[in-house]
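So the structure is just underneath, and the comments pick up after that.
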Amino acid sequence: QGTRDHPPAHVALRDRLLAAVVACFKRHGAATIDTPVLELRETLTGKYGEAAKLIYELQDQGGELLALRYDLTVPFARYLAMNKITNIKRYHIAKVYRRDNPAMTRGRYREFYQCDFDIAGQFDPMIPDAECLKVVHEILSDLQLGDFLIKVNDRRILNGVFAVCNIPDSKFITMCSTVDKLDKMPWEKVRSEMVGEKGLSPEAADRIGEYVQLHGGLDLIERLLQDPKLSQNKLAKEGLEDMKLLFEYLTLFGIAGKMSFDLSLARGLDYYTGVIFEAVLLQQENDHVEESVSVGSVAGGGRYDGLVGMFDPKGRKVPCVGVSIGIERIFSILEQRVKVSGERVRTTETQVLVATPQKHLLAARLKLISELWDAGIKAEMLYKKDPKLLKQLQYCEDTGIPLAAIVGEQELTDGVVKLRDVATRKEVRI
């Protein structure tokens with residue numbers, strides 16, 4: 001069915017990851033909001049380009065046409081318009097739904113989590129955009145996933161490229177979807193799709209090819225600003241000047257080394273209007289894994305200045321830029337690593353097991369564990385009247401509980417508890 005039942009170890013791993021992501025979002029001063037899983041179908045249609053076929057459509061008993069949310073961005077834009085909010089920095093972590101062909105090994109599901117960070121409001125160019133890229137850089141560095149690269153482009157530059165190559169406006173969105181496949185297949189295949197399926201002339205495809213295979217940094221931006229054709233195009237010029245500014249800010253943040261200005265990056269969604277970006281991991285192979293885990297991009301986003309206006313009765317626009325962390329894909333990589341390393345993932349945060357060495361001491365255990373819980377200490381005990389001590393200590397080892405609080409007849413007489421470090425077997429009386 002393309003969704004998974006997650007075992008406790010997987011959920012614990014996910015919680016650890018989400019905690020790191022949330023910590024980063026909060027560090028940047030973002031507030032959290034929530035939107036419903038169900039939206040009116042008309043809210044979602046016409047926003048996702050060719051991906052619209054993956055929207056889960058529903059019809060409720062009253063005949064209303066509904067859909068499950070496809071991402072967290074369109075509901076966010078609707079939320080801003082409905083509540084007349086013109087300025088917010090927010091994060092939202094929730095499940096989204098896609099009627100896709102699932103591929104479990106590639107972290108591709110029909111129901112999965114997205115972690116979004118967005119900045120909405122009228123600000124000076126590229127400052128919020130640079131912060132979104134900084135957030136991606138921080139999260140991927142914190143999670144220690146290995147080497148990564150963040151590709152950056154601008155829809156206005158692409159627009160200009162298509163214009164100077166004489167591509168009609170009507171083909172812009174469909175061309176974006178085709179160009180976006182360059183990270184998965186060679187130029188020859190992309191070119192044949194443009195010519196064979198999308199009806200482009202071979203000459204026009206070749207002209208596009210000269211541009212979309214370029215990638216680099218500030219030097220490439222400077223070169224394109226001098227390009228006789230592109231520099232004459234108003235949109236491309238605007239995009240390139242903003243890209244230059246963005247790279248200056250990224251240099252000040254100390255992260256420009258992980259960025260690549262990449263003209264093949266298009267991102268297939270309709271709503272992007274300016275800067276777009278996508279983060280990819282550079283090393284998924286592992287010597288010990290027979291199949292390498294290929295997960296594609298692990299974060300993506302961009303600027304969508306026109307989306308809020310679509311939901312506002314007066315068409316009032318709120319400029320927005322945001323990023324989505326592909327947490328499910330990151331799980332796939334980490335799960336694989338844990339499997340290979342044989343590492344045990346703790347499924348609980350229990351600090352201490354309350355144990356007894358003799359029979360008829362259940363009352364002592366219940367009293368002590370109650371005290372610990374009331375004091376905010378994470379504690380467990382076995383649900384047996386008279387468990388063997390060895391069994392209790394074995395349970396600690398199996399589940400990674402670091403301490404055992406042992407209370408036997410002698411301890412009760414002396415008014416103490418024996419605290420045992422499970423790993424070192426050292427004991428202290430308290």
Scanning the stretch 246-278 for residues that are of a type in the set (D, E, K, R) and under 17 Å from ILE221 (Cα atoms) gives GLU248, LYS258, ASP262
Answer yes or no: is there a residue in the stretch 124-133 that is in the same structural domain as ARG27 (by the TED database), within 14 Å of the chain's Cα centre (by Cα) and aliphatic (A, V, I, L, M). yes
Just the residues that are closer than 24 Å to ASP15 by Cα, among the hydrophobic types (A, V, I, L, M, F, W, C) and free of Cβ contacts under 8 Å to residues at least 40 places away in the same chain, please, taken from the stretch 349-374. TRP373
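Okay, residues lined up against (1) surrounded by 14 or more Cβ atoms within 10 Å (Cβ to Cβ); (2) part of a loop (DSSP other than H, G, I, E, B); (3) not assigned by the TED database to the domain that holds GLN410:
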residue	(1), (2), (3)
ARG346	yes, yes, yes
GLN358	no, yes, no
LEU366	no, no, no
ILE369	yes, no, no
LEU372	yes, no, no
Pick from the stretch 176-210 the residues that are among the polar types (S, T, N, Q) and in a helix (DSSP H, G or I): which of them is surrounded by the fewest Cβ atoms within 10 Å (Cβ to Cβ)? SER192
Can we say ALA256 is open to solvent by 20 Å² or more (accessible area, probe 1.4 Å), touching a Gly at 6+ places or on another chain (Cβ under 8 Å) and touching a residue at least 24 places away in the same chain (Cβ under 8 Å)? yes
Taking the options GLU57, GLU50, name whichever one is in contact with a Gly (Cβ under 8 Å, 6 or more places away or on another chain) and of a type outside the set (Val, Ile, Thr). GLU50
Of the residues GLN392, GLN336, only one is at pLDDT 95 or above and part of a helix (DSSP H, G or I); which? GLN392
State all residues of the stretch 212-233 that are outside any loop (DSSP other than H, G, I, E, B), in contact (Cβ under 8 Å) with a residue 40 or more places away in the chain and basic (Lys, Arg); if no residue qualifies, say none. none
Which ones in the stretch 221-250 are under 29 Å from the mean Cα position of the chain (by Cα) and either open to solvent by less than 20 Å² (accessible area, probe 1.4 Å) or among the basic types (Lys, Arg) (or both)? ILE221, GLY239, LEU240, MET243, LYS244, LEU246, PHE247, LEU250
For the stretch 129-173, give me the residue count where each residue is in a loop (DSSP other than H, G, I, E, B) and open to solvent by less than 30 Å² (accessible area, probe 1.4 Å). 4
Checklist (1) surrounded by fewer than 16 Cβ atoms within 10 Å (Cβ to Cβ); (2) touching a strand residue (DSSP E or B) at 6+ places or on another chain (Cβ under 7 Å); (3) among the polar types (S, T, N, Q) applied to GLN213, failing item: (2)
If you check GLY2 against the conditions, is it of a type in the set (Gly, Ala, Ser), modelled with pLDDT under 80 and either in contact with a strand residue (DSSP E or B) (Cβ under 6 Å, 6 or more places away or on another chain) or outside the structural domain of ILE88 (by the TED database) (or both)? yes
Do any strands (runs of 3 or more DSSP E) entirely within the stretch 1-104 hold 2 or more residues that are more than 23 Å from TYR272 (Cα to Cα) and either open to solvent by less than 60 Å² (accessible area, probe 1.4 Å) or without any contact (Cβ under 8 Å) to a residue 40 or more places away in the chain (or both), and if so, which? 57-59, 65-68
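The values are calculated or read from the model by the stated rules, or taken from the named source; none is laboratory data. Small disclaimer: the values here were computed from a predicted structure and weren't measured. We place every Cβ from the backbone using ideal geometry, glycine too, and count neighbours over all the protein chains shown. Protein only, heavy atoms only, side chains kept; ligands, DNA and RNA dropped before computing areas. Shrake-Rupley method; radii C 1.70, N 1.55, O 1.52, S 1.80 Å.
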